[in-house]
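Colleague: This is the structure, below, for whatever I ask next.
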């Protein structure tokens, strides 16, 4: 059996479940790839959008209620969430409930913001409707992004089937590059704070040294 037929049958059987789990957690890369695979005919684009919509919507609903029920305990236990809490509150103060819409588009706050919104006094019904629209917008944007990537490539290549593996790698490379730029940007922003902390520790340690 041809490798492409094996891939098609595998994706038809498992692809939507993998996509659902991926979008429940984070999912931009896997959704872009699913959109590309939909262009190639391995998946159905409407099924990709619907699955991603459900995964993203249900994921943020769970994170919101996790914050509502266990948010304070999470802040005490997980320092990564506590460190982002103040920055998230500033976003909420600046943009209000619109933060509930943009939360899935914010790198570094994708999961944390719904948790923190759950800690606030935001009404669950309000979050539900905003989350529903936000998840649909996100699913359409990234799924169609992957689909149009394949469509654009087909206009440049005579037989795209011979290059689909390379195109998939290019798509993953683009996502990895974006992620690396994001990590570099975050580290650069945190560098002054790390330097101040290092100076404070140096001063504190110097005071402990007996004369």
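The values are calculated or read from the model by the stated rules, or taken from the named source; none is laboratory data. Not measured: the values here are computed from a predicted model. FYI the Cβ positions are ideal-geometry reconstructions off the backbone, even for glycines, and counts take in every protein chain you see.
Colleague: Taking the condition of being surrounded by fewer than 18 Cβ atoms within 10 Å (Cβ to Cβ) and either touching a strand residue (DSSP E or B) at 6+ places or on another chain (Cβ under 6 Å) or within 17 Å of residue 111 (Cα to Cα) (or both), how many residues in region 22-53 meet it?
Modeller: Matching residues across region 22-53 total 2.
Colleague: Say whether the condition of being at pLDDT 80 or above, within 20 Å of the chain's Cα centre (by Cα) and over 27 Å from residue 174 (Cα atoms) is met by at least one residue in region 66-89.
Modeller: Within region 66-89, one or more residues are at pLDDT 80 or above, within 20 Å of the chain's Cα centre (by Cα) and over 27 Å from residue 174 (Cα atoms).
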